[in-house]
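**Q** The structure that follows is given in the form of structure tokens.
The values are calculated or read from the model by the stated rules, or taken from the named source; none is laboratory data. What you are looking at is a predicted structure, and each value in this text was computed from that prediction instead of being measured. Reconstructed Cβ throughout: ideal geometry from the backbone, glycine too, with neighbour counts over all protein chains shown.
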Amino acid sequence: MTAYHAPSGPLRGTVAAPPDKSLSHRAALLAAMTDEPVSITGFLDAADTNATLAAVEALGALVERRDGSLVVRGPGLRAAARAERIDVGNAGTLMRLLPGWLAGQAGGRWTLDGDASIRRRPVDRIAAPLRLMGARIDARDGRLPPFTVTGAALTGIEYELPVASAQVKSCVLLAGLLAAGPTTVIEPRPSRDHTERMLAAAGASIERKGDRIVVAARDELELGSLHVPGDPSSAAFHAAAAVLVPRSRIVIEGMGANWTRTGFFRILRRMGGVVAGPLEEPGDGVPAVEPVCELDVCHGPLLGTEVEPDEVPLAIDELPLVALLGCFAEGTTLVRGAGELRLKESDRIATVVDGLRGLGARIEATEDGFAVDGTGGLRGGVLEAHGDHRLAMLGAVAGLASRTGVEVVGMEAAAVSYPGFEADLAALRG
């Protein structure tokens, strides 16, 4: 589907941040790992998260969909059903977290596969620690889907992540719940900590000491109920639009304020965007809750900035928006240490650079990021989404702030994480 997004007048109004995709994945998985029913409110109804619901159903969970909520009756931590094939669709989070649970189911064997995009996304980073713990992972060409997980009696390990990754960290921690002895993950830099918080809420023995997260084996998990707050990664597109379009002012309601997810909003403030509202500050330990906030976002003149490697994991999904903001900023915007972008639904360094350059940007790719010379705006044109939901939404926001508008080819990709994106954006345009 091709969608044209014309230049916009001021954006006004209030928008509710859509349910968080990362938390929805984890909520469904953790609920399936419990023995008692778990009620989930605010679950995201989108292609990626529905793939996770289908996966847990294939593994023995019963999922009851009610008005505005779900009830998941799982098989329990150590009793996942045998399923010959699990289709993860386009859900990279599901693909990388689920094997952590399956790896500890001795005697079980599951093959995970997905769409064409998933088949290009490597799994060697989760396979390495799981093999060290005793599981067997057999992947196409040694590192690509489809791949097979053969469960085994696991042994806890101390594993230092070669690259900060919440998905790999979460996979190892989930496996640690079923392993003999403690499992320790050492992070080179902080990354989103939703899995740790949810495990703490479920009664797991988990603690953080500096850059080390330690989890111990459990016989069972108990959750009772979960609420999924609004997604900062989705809300970021509305915030960027309000900052870029002159005389705009919007309010974003119900957004998760977890400090490991709000790196983009701190970058936005640093560049000159007016973002008023409470964001969680870093703290010690593992909280068992997810904070929620309301943000007031206004247009403002922007200055170029440098995004350093330690900021990247806290804003990884929003870095394409940093590139867009850089086009309108005074000076140069530089992002370093973001090589992980090349392993997303598309090679997001290449596709973002090519896409924005086609709209008139002065932008160059680097091995692990990009450099943007601000020109004060974009001409407009055509942007190909390449099946990437974040690139589709990037093109829409670029169109609002451009001189001639942007035609987004493949706009339907936005439904992977935010089915109501175009409607919400149109409401803000009045």
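**Q** Identify, by number, the condition in (1) closer than 29 Å to Asp45 by Cβ; (2) hydrophobic (A, V, I, L, M, F, W, C); (3) surrounded by fewer than 23 Cβ atoms within 10 Å (Cβ to Cβ) that Ala239 doesn't meet.
**A** The one condition Ala239 does not meet is (3).
**Q** Would you mind stating whether Thr41 is within 23 Å of Leu221 (Cα to Cα), buried (at least 16 other Cβ atoms within 10 Å of the Cβ) and in contact (Cβ under 8 Å) with a residue 24 or more places away in the chain?
**A** no
**Q** Name the pairs whose Cβ atoms lie under 8 Å apart, with the first residue in region 405-430 and touching a residue at least 24 places away in the same chain (Cβ under 8 Å) and closer than 18 Å to Gly9 by Cβ, the second crowded, with 17+ Cβ neighbours inside 10 Å and of a type in the set (S, T, N, Q), and 6 or more positions between them or separate chains?
**A** Qualifying pairs under 8 Å: Arg429/Ser8.
**Q** Which members of region 370-414 meet the condition of being part of a loop (DSSP other than H, G, I, E, B) and within 23 Å of Thr332 (Cβ to Cβ)?
**A** Listed by number, the residues that qualify are Gly374, Thr375, Gly376, Gly377, Leu378, Arg379, Gly380, Ser402, Arg403.
**Q** Would you confirm whether or not region 249-257 contains a residue that is at pLDDT 95 or above, assigned to a loop (DSSP other than H, G, I, E, B) and closer than 29 Å to Arg197 by Cβ?
**A** Within region 249-257, one or more residues are at pLDDT 95 or above, assigned to a loop (DSSP other than H, G, I, E, B) and closer than 29 Å to Arg197 by Cβ.
**Q** I would also like to ask the following. Are any residues in region 322-345 part of a loop (DSSP other than H, G, I, E, B) and within 23 Å of Ala239 (Cα to Cα), and if so, which ones?
**A** Ala329, Gly331, Arg336, Ala338, Lys344, Glu345
**Q** What are the pairs with Cβ atoms under 7 angstrom where one residue, in region 88-106, is aromatic (Phe, Trp, Tyr) and the other, located anywhere, is not in a loop (DSSP other than H, G, I, E, B)? Sequence gap at least six, or different chains.
**A** Matching pairs, first to second residue: Trp101/Leu29; Trp101/Leu174.
**Q** Which pairs do you get when a residue that is assigned by TED's automatic domain parsing to the domain that holds Gly381, found in region 352-369, comes within reach of a residue that is in a helix (DSSP H, G or I) and at pLDDT below 95, reach meaning Cβ atoms under 6 angstrom, with the pair 6+ apart or on two chains?
**A** Ala365/Ile349; Asp368/Gly339
**Q** Then there is this: If I filter region 332-340 for residues that are crowded, with 23+ Cβ neighbours inside 10 Å, of a type outside the set (D, E, K, R) and out of contact with any Asp or Glu (no Cβ under 6 Å at 6 or more places or on another chain), do I get at least one hit?
**A** yes
**Q** Has region 292-314 got any residue that is part of a strand (DSSP E or B), among the β-branched types (Val, Ile, Thr) and closer than 23 Å to Leu23 by Cα?
**A** yes
**Q** Also: Return only the number of the condition from (1) more than 21 Å from Leu94 (Cβ to Cβ); (2) in a helix (DSSP H, G or I) that Glu364 does not satisfy.
**A** (2)
**Q** Quick one: which residue in Leu295, Leu321, Leu314 is of a type outside the set (Phe, Trp, Tyr), in contact with a Leu (Cβ under 7 Å, 6 or more places away or on another chain) and not assigned by TED's automatic domain parsing to the domain that holds His194?
**A** After applying the criteria, what remains is Leu321.
**Q** Could you grab me the full set of residues in region 230-248 that are closer than 18 Å to Thr195 by Cα and either in contact with a Lys or Arg (Cβ under 8 Å, 6 or more places away or on another chain) or among the charged types (D, E, K, R) (or both)?
**A** Asp231, Pro232, Ser233
**Q** Go through region 224-247 and report how many residues are β-branched (Val, Ile, Thr) and touching a helix residue (DSSP H, G or I) at 6+ places or on another chain (Cβ under 6 Å).
**A** So the answer is 2.
**Q** Still on this structure, I have one more. Within region 169-228, can you find the residues that are surrounded by fewer than 20 Cβ atoms within 10 Å (Cβ to Cβ), under 23 Å from the mean Cα position of the chain (by Cα), in a loop (DSSP other than H, G, I, E, B) and among the basic types (Lys, Arg)?
**A** If the condition is that a residue be surrounded by fewer than 20 Cβ atoms within 10 Å (Cβ to Cβ), under 23 Å from the mean Cα position of the chain (by Cα), in a loop (DSSP other than H, G, I, E, B) and among the basic types (Lys, Arg), then Arg189 is the only one that fits.
**Q** So, Gly254, is that one under 24 Å from Cys327 (Cβ atoms), assigned by TED's automatic domain parsing to the domain that holds Phe328 and touching a residue at least 24 places away in the same chain (Cβ under 8 Å) or not?
**A** No, not satisfied.
**Q** Mind listing whichever residues of region 170-225 are in contact (Cβ under 8 Å) with a residue 40 or more places away in the chain and among the charged types (D, E, K, R)?
**A** Matches in region 170-225: Arg189, Arg192, Asp193, Glu196, Arg197, Glu207, Arg208, Arg218, Asp219, Glu220, Glu222.
**Q** While we're here: If we scan region 406-414, do we find a residue that is surrounded by fewer than 19 Cβ atoms within 10 Å (Cβ to Cβ), modelled with pLDDT of 95 or more and closer than 29 Å to Val88 by Cα?
**A** So far as region 406-414 goes, yes, one or more of its residues are surrounded by fewer than 19 Cβ atoms within 10 Å (Cβ to Cβ), modelled with pLDDT of 95 or more and closer than 29 Å to Val88 by Cα.
**Q** Kindly indicate which of Ala91, Ala79 is small (Gly, Ala, Ser) and within 21 Å of Leu154 (Cα to Cα).
**A** Of the residues listed, the single one that is small (Gly, Ala, Ser) and within 21 Å of Leu154 (Cα to Cα) is Ala79.
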